[in-house]
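Novice: Below you will find the structure I want to go over with you.
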Amino acid sequence: MATDMNEILLQSVEVLPSLPDTISKLRKYIEESRSNLEISKVADIISSDPLMTAKLLRLANSPFYGFSREITSLNQVVSLLGIGNIINTIMADSVRDTFKVDVSPYGLSTTEFMNKCSEETAFITDWLNDEDKKLSHFLVPCALILRLGIVIFSNFLIQNKKDTEFLEYLKKIDFRDLSLAENEFLGVDHISFLGFLLYRWNFDEILTETICFIRTPHAARDQVKKSAYALAILDHLFMPHRTFSIFNVKASIALIEEAKTQGINFNLDNFISKLPKEIRDNLDKEE
């Protein structure tokens with residue numbers, strides 16, 4: 001069953017929408033300019049799309065980036081985030097907005113799911129903005145699309161009338177292993193499938209690898225390892241159905257300790273201080 005469904009799923013990728021023309025224009029400008037990029041030229045390209053301009057300013061002023069002052073111009077956004085992050089953010093937001101969100105096959109409320117996705121992205125800033133601002137900014141678009149695979153899988157299961165059966169299977173395993181259910185029904189898990197999509201859509205190579213190595217950050221190349229560990233930590237904390245469970249919080253802490261053996265240092269005290277008070281209290285009780 002999974003093999004057949006996997007083939008249909010892969011075929012469905014071919015009809016997924018293309019990205020905005022602004023992305024192509026930005027990439028063309030970057031390739032032609034090489035090291036002589038001008039912030040004003042990048043801002044001009046983006047400003048030709050009023051909707052995208054409004055979205056980018058909205059995102060820049062959201063809790064996701066945690067800037068201390070209001071961002072009022074595209075020049076400011078490009079200066080503060082960098083062109084690479086701008087492209088990643090535009091692409092992530094455009095792709096995310098393309099899909100109807102109905103995650104009922106996973107037994108999740110759409111409103112709650114969207115709120116959790118926003119909390120997940122905002123946590124990046126809360127956790128890393130003072131510790132590693134550059135990494136924090138890079139991870140925002142990663143977090144924006146981290147759960148996109150679940151949205152796409154949900155749509156696919158509904159369209160192929162497999163949603164009820166899939167949900168029953170998840171209930172049977174007490175929602176403990178999404179990958180097991182996804183592989184059983186679709187032949188691939190949502191993170192691996194997302195990595196495939198990002199590669200197909202020509203997303204930034206480092207961003208794509210960061211998501212692809214989320215389950216095996218120790219195996220990522222050095223340039224990607226820290227971002228892969230950070231996103232893996234986030235993934236454990238906000239795992240659907242198990243958000244901030246003590247087991248997953250401990251798994252996140254274990255990843256911070258594992259990262260240290262790989263020469264990557266996160267401030268553990270800072271991380272723990274950003275957890276909800278109830279979780280911190282429970283951790284203290286278990287020590």
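The values are calculated or read from the model by the stated rules, or taken from the named source; none is laboratory data. Every value quoted in this text rests on a predicted model; they were computed, and no experiment measured them. Because the Cβ atoms are built from the backbone with ideal geometry, glycine has one as well, and the counts that use them run over all protein chains shown. Quick note on the areas: whole protein, heavy atoms, side chains included, nothing else; ligands and nucleic acids left out. Shrake-Rupley method; radii C 1.70, N 1.55, O 1.52, S 1.80 Å.
Novice: So which residues in segment 1-50 are among the acidic types (Asp, Glu), modelled with pLDDT of 85 or more and part of a helix (DSSP H, G or I), if there are any at all?
Specialist: 32, 44, listed by residue number.
Novice: Out of the residues in segment 226-265 meeting the condition of being among the aromatic types (Phe, Trp, Tyr) and in a helix (DSSP H, G or I), tell me which one is most open to solvent (accessible area, probe 1.4 Å). Please lay out each step first, then the result.
Specialist: Here is the first cut: in segment 226-265, the ones among the aromatic types (Phe, Trp, Tyr) are 229, 238, 244, 247.
From what's left, in a helix (DSSP H, G or I): 229, 247.
Details: 229: 0, 247: 158 Å².
That would be 247.
Novice: Further question on the same structure: Quick one: is residue 166 open to solvent by less than 30 Å² (accessible area, probe 1.4 Å), in the same structural domain as residue 117 (by the TED database) and within 21 Å of residue 131 (Cα to Cα)? I'd like the intermediate steps shown before the answer.
Specialist: On the way: open to solvent by less than 30 Å² (accessible area, probe 1.4 Å): yes; in the same structural domain as residue 117 (by the TED database): yes; within 21 Å of residue 131 (Cα to Cα): no.
When the stated conditions are applied, residue 166 does not pass them.
Novice: Give the residues of segment 98-126 that are within 10 Å of residue 151 (Cβ to Cβ), among the charged types (D, E, K, R) and surrounded by 14 or more Cβ atoms within 10 Å (Cβ to Cβ), sorted by residue number.
Specialist: 102 - this is the single residue of segment 98-126 that is within 10 Å of residue 151 (Cβ to Cβ), among the charged types (D, E, K, R) and surrounded by 14 or more Cβ atoms within 10 Å (Cβ to Cβ).
Novice: Which of the residues belonging to segment 202-225 are within 15 Å of the chain's Cα centre (by Cα), part of a loop (DSSP other than H, G, I, E, B) and over 18 Å from residue 251 (Cα atoms)?
Specialist: 203, 204
Novice: Out of 73, 118, which single residue is at pLDDT 90 or above, hydroxyl-bearing (Ser, Thr, Tyr), at negative phi and in the same structural domain as residue 21 (by the TED database)?
Specialist: 73
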